[in-house]
1. Return yes when Ala240 is in the same structural domain as Gly154 (by TED's automatic domain parsing) and in a helix (DSSP H, G or I) and no when it is not.
2. Every residue in region 184-199 that is more than 22 Å from the chain's Cα centre (by Cα) and more than 21 Å from Leu143 (Cα to Cα), please.
3. Can you tell which of Thr213, Thr185, Thr168 is at pLDDT 95 or above, surrounded by 14 or more Cβ atoms within 10 Å (Cβ to Cβ) and under 30 Å from Gly115 (Cα atoms)?
4. Considering each residue of region 265-288, count those that are buried (at least 19 other Cβ atoms within 10 Å of the Cβ) and closer than 23 Å to Val139 by Cα, and give that number.
5. Could you list all residues from region 78-95 that are part of a loop (DSSP other than H, G, I, E, B) and either buried (at least 18 other Cβ atoms within 10 Å of the Cβ) or without any contact (Cβ under 8 Å) to a residue 40 or more places away in the chain (or both)?
6. Of the numbered conditions (1) assigned to a loop (DSSP other than H, G, I, E, B); (2) under 24 Å from Met206 (Cβ atoms); (3) without any contact (Cβ under 8 Å) to a residue 24 or more places away in the chain; (4) small (Gly, Ala, Ser), Ser98 satisfies every one except a single condition; which is it?
7. Quick check on region 276-283. Is at least one of its residues part of a strand (DSSP E or B), assigned by TED's automatic domain parsing to the domain that holds Val155 and over 20 Å from Gly131 (Cβ atoms)?
8. Looking at region 273-304 only, could you name the residues that are in contact with a helix residue (DSSP H, G or I) (Cβ under 8 Å, 6 or more places away or on another chain) and among the hydroxyl-bearing types (Ser, Thr, Tyr)?
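The values are calculated or read from the model by the stated rules, or taken from the named source; none is laboratory data. It should be emphasised that the depicted structure is a prediction, and the values quoted were computed from it without experimental measurement. Neighbour counts run over all protein chains shown; Cβ positions are idealised from the backbone, glycine included.
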Amino acid sequence: MRSVRHFRFVQMDVFSSRRLQGNPLAVFPDARGLSDAEMQDLAREINLQETTFVLPRELAIEREHGIRVRIFTPEEEIPFGGHPTLGTAMLLRNRLLSGKTAAPVSQIVLDLKVGRIPVAFTEEDTGTVFGEMQQVEPVFGQLHQRETVATLIGVSVEEISDEGPIQTVSTGLPFAIVPLRNLRTLQSLNPDARKVRAYFEHAADMTDFYYITRDTQDPAVNVRARGLYSTGEDPATGSAAGCAISWLVRNGVVKSGQRIHIEQGVEMKRPSQIFARAEKQGDKVISVRVGGHAVEVMEGEYSL
């Protein structure tokens, strides 16, 4: 009989400074020895939105290329994800600081399939740590007809804002940004997942709608959002938040460099606090940054 292998994992709540809020993430800090199939099986077993696997390498390689991390949903490996990036980087930072002589960690660079993603850390006056990732520069893609989208998601055309076009944007993963006029429309959304999935069936990459509104009814929050996808609702979608801030800045809804507070997950009782900013140079949107907090809530071990 072959010997049993043990792999430790830590569960994080991401885009929240409070446990049992935000978006849960499972992180395997040392996944060396796991096959691709085993990573996928573990992600399916854990059944969170995403699970990440850290593959440590020699320090010289990590200094040059970053720490290698792979991201899996229960169905497939994906090149990028916002809350997996922030949560994994925060855990790695925490582990580096656990040594008695550890120096402060101001940045962790992850080597993802989408490329090198730096995550910078700042300690706040409250003692909590804020992490902010720099996403890849946005690509603005397909435009979508308001009438078609209204039919797909079950709202009237008038409920879709005219602040900008419904457009697919990618900062690592593509999302079609759907701006809504009113918070009540966002709260009552119930799109037909089957029809939406069929609509995006021929997209080059996995795509879905990301719904936003500036009608937050809270002066501390700039945008309310929902991630209602074919796989279910997502409490916090950091990759989509990067697409949203890119869309908002490009269309002049948000000023270049302005940090905004996006709240997501309220309707599913997992409130998540996402902070995003981007800059505009001429017609280009650059320096897309998405940040927030993350806390450890559980750790354990898998035996394979």
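1. Yes, satisfied.
2. The answer is Arg184, Thr185, Ser188.
3. Thr168
4. Selection size over region 265-288: 7.
5. Scanning region 78-95 gives Phe80, Gly81.
6. Here Ser98 meets the rest and fails (2).
7. The answer is yes; a qualifying residue exists.
8. Selection gives Tyr302 alone.
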